[in-house]
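Data first, discussion second: the structure below is written as structure tokens.
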Amino acid sequence: MVKNLQDTTTLYNGVKMPWLGIGVFKVEEGPELVNAVKYAIKHGYRSIDTAAIYQNEEGVGQAIKEGLAETGLSREDLFVTSKVWNSDLGYESALAAFETSLKKLQLDYLDLYLIHWPVAGKYKDAWRALETLYKEGKVKAIGVSNFQVHHLEDLLKDAEIKPMVNQVEFHPHLTQEEVRTFCKANEIQVEAWSPLAQGQLLDHPVLREIANHYNKSIAQVILRWDLQNGVVTIPKSTKEHRIVENADVFDFELSNEHMEQINQLNENHRVGPDPDNFDF
């Protein structure tokens, strides 16, 4: 099982991806963003997740540059993810979007590049672009985000290379069992965005009781539940103490009984858009 913050899962193509990283959704450009990413690197995080639509890739790039210089780490020590936005889901436009992201991040390659949403009639062209980038060595792994089973089945009909990762909304109120079962059968690593349901679960009585049992916070219990479910997780925070706390999940293990209790909290409730009813 996952023992520390640098532990990785091996994607089906052999690339190693950290189990826990930091997300920067809704963190605007500026010192807060730069400091958050630098705190994460300083405290042992090796995975950073951003996206073109977050409009903060330049700040993330600056933070990576400064964070590496301050810690003495090299670029190869980090796992950096970005995503192509819906308006760029053509073949040429996805290639161009990738180069723009790379430039803003001041990097020579990405570790993971994802299609952000499954826009009907567009994601297959974008996937061909990601396959090209992968073959050219500009990205170590390619994947998708917010894809439901039918999207994945459709993509796999024509894909030359199957996705290595599917990043989806995942938390105790949305356990995505069908998606996780399909991905496991097809060697696609599931990754959780919004693992803490944007704070909506942080006063849940069942989770509070479990957290008290382990002398941990509710956030720590949820993140531990992610990991024990075999799901990569990228909680977002800008506060140093919270970034440290979110990573302090390797000194305890949830019992089977507590895992099942949390699994039973599923309500198929989303805090983000529904991929099948998103107004793209």
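Taking only protein heavy atoms into account and a 1.4 Å probe, give the accessible area per residue of the chain in Å².
Here the per-residue accessible area is 43 Å².
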Requested in this report: Give the calculated FRET efficiency between GLU253 and LYS42 to the nearest 0.05, with a Förster radius of 35 Å applied to their Cβ-Cβ distance.
Outcome: 0.85
Query - Share, in percent, of DSSP beta bridges within the chain that are antiparallel, nearest 5 - result: 15
Query - Percent antiparallel among DSSP beta bridges (both partners in the range 1-116, rounded to 5) - result: 25
Requested in this report: With a 1.4 Å probe and all protein chains in place, put ASP158, ASP108, ASP276 in order of accessible area, largest first.
Outcome: ASP108, ASP158, ASP276
Query raised in the report: Sorted by mean Cβ packing within 10 Å, highest first, what order do the peptides 45-52, 99-106 take?
Result: 45-52, 99-106
Query raised in the report: What pairs in LYS3/LYS162; LYS138/LYS239; LYS26/LYS104; LYS26/LYS239; LYS184/LYS239 have C-alpha atoms more than 24 Å from each other?
Result: LYS3/LYS162; LYS138/LYS239; LYS184/LYS239
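Which value, in debye to the nearest 20, gives the size of the charge dipole of the chain about its Cα centre, when Lys and Arg are +1 and Asp and Glu are -1 at the Cβ?
Approximately 440 debye in magnitude.
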Query raised in the report: At 20 °C and 1.002 mPa s, what whole-number value in µm²/s does Stokes-Einstein give for the translational diffusion of the chain, with Rh from the Kirkwood sum over Cα pairs?
Result: 114
Requested in this report: Please report the relative contact order for the range 204-275, taking Cα pairs under 8 Å with a sequence separation of at least 6, and give it as a percent rounded to a whole number.
Outcome: 31
Query raised in the report: At a Förster distance of 35 Å, what's the computed FRET efficiency of ASN4 paired with GLU131, Cβ-Cβ distance as r, to 0.05?
Result: 0.55
Report task. Work out the FRET efficiency for ASN13 and GLN55 from their Cβ-Cβ distance, taking R0 = 30 Å, and round it to the nearest 0.05. Result -> 0.50
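May I ask you to list, by number, the DSSP H helices of the chain whose Cα span along the axis is at least 27 Å and whose average Kyte-Doolittle hydropathy reaches 1.6 or more?
In the chain, no H run is both long and hydrophobic enough.
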Query raised in the report: At a 1.4 Å probe, what is the % contribution of carbon and sulfur to the accessible area of the chain?
Result: 45
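The values are calculated or read from the model by the stated rules, or taken from the named source; none is laboratory data. The structure displayed is predicted, hence computed values, not measured ones. Every residue, glycine among them, receives a Cβ derived from its backbone with ideal geometry; neighbour counts consider all protein chains shown. Keep in mind that these areas ignore ligands, DNA and RNA; they rest on the heavy atoms of the full protein, side chains included. Shrake-Rupley method; radii C 1.70, N 1.55, O 1.52, S 1.80 Å.
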